[in-house]
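A.B. asks: Let me begin by handing over the structure; questions about it come next.
Every read-out reported here was derived from the displayed coordinates using simple, explicitly stated rules and does not represent laboratory data. Just so you know, these numbers come straight off a predicted model, no measurement behind them. Neighbour counts are summed over all protein chains in view; Cβ atoms, including those assigned to glycine, are modelled from backbone coordinates with ideal geometry.
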Amino acid sequence: MTAEGQVDMARSQVFGEVAELYDAARPGYSNELVADVLAYAALGDRAAVEIGAGTGKATVPFAELGTPLVCLEPDPRMAEVLRRNTERYSGVQVEVDGFESWQPGGRRFGLLLAASSWHWVAPDRRWDLVHDALAPGGAVALFWNPHGVLDAELQTALAEVDGRHGMTNTPHSESASSYGDVAGSSLGLDGWPEAECRRDGRFTDLHAVRYRQDQYYDTDRYLGLLASLSAYRVLPADRRERVLTETAQVLDAHGGGIGMDHLSDLFLARVR
């Protein structure tokens, strides 16, 4: 987001240039989260719509449980990988479009998903668009995968690398121990949608849930994850290479890898 709270469109469109890396490096979402969303939505015979579906990190686990999905992905390079990942699921339809420009064509859905994509939707329009896309009583499920470094000493060393290059909002900005157990705490008040949703007034039954899972990355795999993040993608190529090289040096000096606390923070609400 920009300082004025508007979407940084240049930053939101950098993932397609590394669509295959994004698909390989980004973590997915837990079976528990998917099950909780579907239990809350109680779809019946209604379909779901997913905005900013990317390469299908969230799409696939929902599709595997038989959820009919219309997937919106504005970048054709990401959509190509998404189609490949979901081609065996007859209930998945991929549309190359952004949420703001998409026309539901009279369709109303029982569930709207946004997996690590809600912050790219225009703040002044998003709740109107959600409300228009959902049937009465339809559910909205917004979720993210924040992560923090488990080793505080390593986190400090990596944050020093980021600081030398003027980088903020990386996985090294906070240690895992600072997150606590409250969903949304890693995103900050401006990033977590609960207050915004309450102010809107057209939604009810608000819930927030946090899931956690530790994961270990060797140096190469972790550099792939970093290189798929927008904070690194927007850097000039030579500067990005320097940051990643210095990060690798720190990791190799700490045993050749990194332990991460992977969080999944879920926000649920439904149309009144």
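A.B. asks: For region 189-272, which chymotrypsin sites (Phe, Trp or Tyr not before Pro) are both in a DSSP coil and crowded by at most 11 other Cβ atoms within 10 Å? Walk me through the intermediate numbers first.
C.D. replies: Details: sites: PHE203, TYR211, TYR216, TYR217, TYR222, TYR232, PHE267; in loops: none.
Nothing satisfies the criteria.
A.B. asks: With a 10 Å cut-off between alpha carbons and a GNM built on the chain, which of ALA253, ALA19, ALA58 moves the most?
C.D. replies: Highest fluctuation among the options: ALA253.
A.B. asks: While we're on this one: Please work out how much length the chain gains when fully extended from HIS165 to ASP128, using 0.36 nm per residue of separation minus the C-alpha to C-alpha distance, in nm with one decimal.
C.D. replies: 9.5 nm
A.B. asks: Shifting gears a bit: How high is the FRET efficiency between SER178 and ARG212 when r is their beta carbon distance and R₀ equals 22 Å, given to the nearest 0.05?
C.D. replies: After rounding, the FRET efficiency stands at 0.95.
A.B. asks: Let me ask you something else. Under 8 Å for C-alpha pairs, at least 6 residues apart: give me the relative contact order for the chain, rounded to a whole percent.
C.D. replies: That works out to 23 percent.
A.B. asks: I would also like to ask the following. Among LEU65, LEU229, LEU112, determine the one that fluctuates most according to a GNM of the chain built with springs between C-alpha atoms less than 10 Å apart.
C.D. replies: Among LEU65, LEU229, LEU112, the largest mean-square fluctuation in the Gaussian network model of the chain belongs to LEU65.
A.B. asks: Please state, as a whole number in µm²/s, the translational diffusion coefficient that the Stokes-Einstein equation yields for region 221-272 at 25 °C and 0.890 mPa s, with Rh defined as the Kirkwood radius across alpha carbon pairs.
C.D. replies: Approximately 184 µm²/s, per Stokes-Einstein.
A.B. asks: For the chain, just the Cα atoms, rotate onto the principal axes and tell me the three extents in Å, largest first.
C.D. replies: Per principal axis, max minus min of the Cα coordinates gives 55, 36, 35 Å.
A.B. asks: If eta is 0.890 mPa s and T is 25 °C, what Stokes-Einstein diffusion coefficient results for region 152-249, Kirkwood Rh from Cα pairs, in µm²/s?
C.D. replies: Answer, rounded: 156 µm²/s.
A.B. asks: Continuing with this model, one more query. Could you give the size of the charge dipole of the chain about its Cα centre, using +1 on the Cβ of each K and R and -1 on the Cβ of each D and E, expressed in debye and rounded to the nearest 20?
C.D. replies: Magnitude of the dipole: close to 720 debye.
A.B. asks: Put a dot 7 Å past each Cα toward the Cβ at GLU20 and ASP252; how far apart are the dots in nm?
C.D. replies: 2.5 nm
A.B. asks: In a Gaussian network model over the chain where Cα atoms closer than 10 Å are linked, find which of THR67, THR59, THR204 has the largest mean-square fluctuation.
C.D. replies: THR204
A.B. asks: Here's another thing I want to ask about it. Please list, by residue number, every one of the GluC sites (Glu not before Pro) in region 22-80 that is coil in DSSP and has at most 13 other beta-carbon atoms within 10 Å.
C.D. replies: Taking region 22-80 and a limit of 13 other Cβ atoms within 10 Å, no loop GluC sites (Glu not before Pro) are found.
A.B. asks: Shifting gears a bit: Go ahead and collect, in residue order, the members of region 213-247 whose backbone nitrogen is under 20 Å from a label point 7 Å along the Cα-Cβ direction of ALA152.
C.D. replies: It comes to 214-215, nothing else.
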